[in-house]
1. Measuring from label point to label point, each 7 Å out along Cα→Cβ, what is the CYS236 to LEU190 span in nm?
2. With +1 on each Lys and Arg Cβ and -1 on each Asp and Glu Cβ, and nothing else charged, work out how big the dipole of the stretch 81-174 is about its Cα centre, in Debye to the nearest 20.
3. Please identify, among LEU29, LEU114, LEU50, the residue showing maximal mean-square fluctuation in a Gaussian network model of the chain using a 10 angstrom Cα cutoff.
4. When the chain is fully extended, how far beyond the present Cα-Cα distance does PHE10 get from ILE76, taking 0.36 nm per residue of separation?
5. For VAL168, what residues show an amide H to amide H distance below 5 Å, using hydrogens built from the backbone and excluding near sequence neighbours?
6. Go ahead and run the numbers for FRET between GLU88 and GLU141, Cβ-Cβ distance against an R0 of 41 Å, rounding to 0.05.
7. Please give the net charge around VAL4, taking every other residue with its beta carbon less than 14 angstrom from that of VAL4, where Lys and Arg add +1 and Asp and Glu add -1.
8. Tell me the carbon and sulfur percent of the accessible area for the chain, rounded to whole percent, probe radius 1.4 Å.
Amino acid sequence: MDVVSSQVLFNRPETRSVYRLGFRYDAFLRGPRAARFVMLSLHGPQVQVLPRPFSLSDAYRDEQGLPVAEVLYKPIGRVTSRMALLREGDEISVGGLCGNGFPDPSPKRRPVLLAGGIGNAPFALQIRELISGPFAGREAEILVFLAGRSSEDIYLQQDARAAGVTVVEVTEDGSRGERGRITDALVRRLGSLGPIEGFACGPEPMLHALKQLAKEHEFPCHLAVEERMACGYGVCNACVILSEREGVDAADAPYLRACIDGPVFESREICL
């Protein structure tokens with residue numbers, strides 16, 4: 001895995017629970033794709049033994065034409081709490097890019113992006129990919145569901161919101177957008193959307209529910225799983241997930257590694 005030292009460009013809270021970290025990293029040399037990820041390590045006196053995986057949230061060039069990469073995170077653990085203290089000019093180590101990322105959407109299906117909480121991380125980049133490619137001039141056809149427990153969990157970068165995509169906000173407590181779960185909001189619209197293709201990232205219960213919904217309504221759905229990782233390139237086997245590929249007996253089903261076989265799997269491929 002390619003590991004480089006990178007300079008922090010900005011690190012700011014976007015909501016009371018979500019931070020946005022931008023750093024100098026040329027993702028374009030490494031095949032950027034939504035849901036691919038980087039392995040980040042912090043420098044300093046408190047040595048971080050293992051890097052941490054973060055979805056590549058966005059990749060673009062700034063006003064000087066220099067590459068910028070972004071990740072989203074919540075400061076909830078020892079490492080992410082230290083990340084919240086990073087300032088412009090600080091150095092971090094970046095490994096990657098890792099994983100496969102979301103596939104290109106089918107030309108005959110409407111892309112539906114389904115984000116649960118901090119699982120919204122890959123979608124700013126995916127929106128950028130779609131509107132600069134197959135959905136140029138058709139931005140409103142891209143449907144983005146942002147779901148969370150409360151309004152504090154609802155976030156999407158302003159550039160992505162301003163792109164003209166259709167955004168549906170859903171909260172369990174009704175504090176923002178529609179009340180309920182992301183699957184409820186999707187089911188209410190299935191009859192009017194036509195053929196769809198799902199792209200989802202979020203907590204496992206949400207992915208499990210979407211897997212069942214995709215099976216029931218017969219639409220392809222790509223799930224970006226969130227598994228604990230130690231290496232990011234298939235050596236440690238810490239991120240294995242049970243395969244459910246067609247034709248394989250469940251008792252003998254092999255395990256897939258989220259870091260190199262995924263993190264994106266078609267919903268019929270894995271057991272959740």
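The values are calculated or read from the model by the stated rules, or taken from the named source; none is laboratory data. Computed from a prediction, not measured in an experiment: that's the story for all the values here. Neighbour counts run over all protein chains shown; Cβ positions are idealised from the backbone, glycine included. The protein model used for the area step is the full one, side chains on, heavy atoms only, and it has no ligands, DNA or RNA in it. Shrake-Rupley method; radii C 1.70, N 1.55, O 1.52, S 1.80 Å.
1. About 3.8 nm separates the two model spin labels.
2. 360
3. Its mean-square fluctuation being the largest, the pick is LEU29.
4. Computed gain between PHE10 and ILE76 is 21.8 nm.
5. VAL144, PHE145, LEU146
6. 0.60
7. -1
8. Of the solvent-accessible surface of the chain, carbon and sulfur hold 49 percent.
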